[in-house]
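Below: one structure, written as structure tokens.
Throughout, read-outs are computed from the coordinates displayed, never taken from laboratory work. This one's a predicted model, so the numbers in the text were calculated from it and none came from an experiment. Cβ sites come from the backbone with ideal geometry, for glycine too, and all protein chains shown count toward neighbours.
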Amino acid sequence: MEKLVIQGGRPVHGTVKVSGSKNAALPIIASSLLAAGSHTLHNIPRLRDIGTMVRLMEHIGAEAEWGDSLTIRTNRFSAIEAPYDLVKTMRASVLVLGPLVGQLRRARVSLPGGCAIGARPIDMHLKALEAMGAKIELKEGYVEVFARHLHGADITFNRVTVTGTENIMMAAVLADGTTTIHNAAREPEVVDLADHLVAMGAVVEGAGGDRIVIHGVDELTPKPHTVISDRIEAGTMLMAAGITGGELSIENFPAAMLETLVTRLKDAGMSITVEGNVAHARGGGRPRGINVATAPHPGFATDLQAQFMAYMSIANGTSIITETIFENRFMHVPELMRMGADIAIDGGIAVVKGVASLKGAPVMATDLRASASLVLAGLAAEGTTELRRIYHLDRGYERIEAKLRECGARIERQEDAE
Ligand code: EPZ
């Protein structure tokens, strides 16, 4: 196992380039199952979850080849399933469900169990497929889906689901007739997938709004696609500048997708200006305590909550951070407290009383964004922070410690004996 060793207390200065979005790339890779042929995908980040998705595609029968871009060839299928071994390492494996049912009318996907951030069921994905004519059975931990006739349907999600919206969009593009998704997710990753499906010949209207209408077509044709920038990495970098009192120019910055975060960070006292696709971010002294509540896009992203909490832990004043998307997404709190943060949790609400400074400590990553928050805390803390279980970080951030090191951070990856 590896760990990160961070000598904190140094402002970051320099230029970083944001990688392609993990959460846009995952469904877009899965969507190549919808069209036979060779798919060239650009700006795919090289990270562990993408590796897992590529292995899953290979298991299903696709061939994958990495160069500057990722090429996926989908000329044959040798399996219709997402096996437990892959799903248990990455829930987003369920994203093959929609394309398999759309293309082959059958799928067998291991039911994801709960994970570090919550129970995370997929009941809404399954209910929607049922409404489209699929029969669903649960056998030995797998969901088996079979649709003799996959047809359009009027679907209302009772809460916003990102991968649920993506799965149903992918099933519906090759279904008979029209599917309408009400209360659809409006996340930019949904829009990127819709844009790609449309380029391949699908008819998808309204992505980015809360009502998406899909008219089924007979077949799709592969088309190249360039994945959008990772808004969560970009936001994490903004807060690296903020929490260390440093200054970063962030290239490939997806400003339109980060309006809520940028507003809150400016309220907290950061200076952020955007010119073209570059953001210039500067942190001053301690930020002001700012309240946020996570919400589906365009609200405050749950994937930025942990990092924001690290920043607020050194605020002047108190910040109330409410998590409304996942029931268990405060696993970073006890670790931040080991570094001297003063945080009290009551259900989905964290009350963060800012302290003058954090102190380095050995800490443990529990999930992807929790790891990022501990990296930020370590950069700001006095002394040495050792962050263990960084395989969580490697699932979703491409070269993060190299990027930070290039901006003056003292952060190193070391073998961990434990
Ligand atoms: C996506 O997860 C992202 N993953 C998550 O990114 C992100 O945190 C989340 O959306 C919310 O923005 C990918 O895009 C691959 P949901 P997803 O379905 O789609 C409940 C990261 O760090 N729900 O929108 O799985 C669910 O339990 C991550 O990169 C049901 O009850 O999330 C949650 O409370 C982690 N039944 C809420 O809805 C369902 O059938 C929203 O989850 C589906 C979801």
With label points set 7 Å from each Cα along the Cα-to-Cβ direction at Asp123 and Lys359, the distance between them in nm comes to 4.6 nm
Magnitude of the Cβ-charge dipole (Lys and Arg +1, Asp and Glu -1) of the range 22-226 about the Cα centre, nearest 20 debye, reported as 400 debye
In nm, the gap between the two label points placed 7 Å beyond Cα toward Cβ at Arg46 and Asp267 is 4.0 nm
In whole angstrom, the spacing between the Cα centers of the range 250-271 and the range 167-184 equals 33 Å
In the chain the DSSP beta bridges are antiparallel at a rate, in percent to nearest 5, of 70 percent
Expected unfolding gain across Thr221-Ala295 under the 0.36 nm per residue rule, minus the alpha-carbon gap, is 23.1 nm
Among beta bridges assigned by DSSP with both residues in the range 283-378, the antiparallel ones amount in percent, to the nearest 5, to 70 percent
Between Glu259 and Arg76, the FRET efficiency computed from the C-beta separation at R0 = 60 Å comes out, to the nearest 0.05, as 0.85
With +1 at each Lys and Arg Cβ and -1 at each Asp and Glu Cβ, the charge dipole magnitude of the chain around its Cα centre, to the nearest 20 debye, comes out at 540 debye
Once the in-chain neighbours fewer than 8 apart are removed, the lysines whose Cα is under 20 Å from Lys17 read Lys403
About its Cα centre, the range 29-85 carries a charge dipole, from +1 on Lys and Arg Cβ atoms and -1 on Asp and Glu Cβ atoms, whose size in debye to the nearest 20 is 60 debye
Ranked by GNM mean-square fluctuation in the chain (Cα springs under 10 Å), the top entry among Glu65, Glu382, Glu323 is Glu65
Note on the range 22-226, DSSP bridge orientation, antiparallel percent to nearest 5 equals 75 percent
Taking 364-373, 38-47, 390-399 and ranking on average Cβ neighbours within 10 Å, highest first, one gets 364-373, 390-399, 38-47
Distance in Å, no decimals, from the C-alpha centre of the range 61-84 to the one of the range 358-416 is 32 Å
Most packed first (mean Cβ within 10 Å per residue), the peptides 329-337, 29-37, 401-409, 351-359 order as 29-37, 329-337, 401-409, 351-359
Between His280 and Thr178, Cβ-based FRET efficiency (R0 45 Å, step 0.05) works out to 0.50
Protection proxy (average C-beta count within 10 Å per residue), highest first, orders 250-262, 183-195 as 183-195, 250-262
Across the range 22-226, qualifying lysine pairs (alpha carbons under 27 Å, at least 8 places apart or different chains) come out at 8
In terms of the charge dipole of the chain, which places +1 on Lys and Arg and -1 on Asp and Glu at the beta carbon, the residue among Ile325, Met53, Asn291 farthest towards the positive end is Asn291
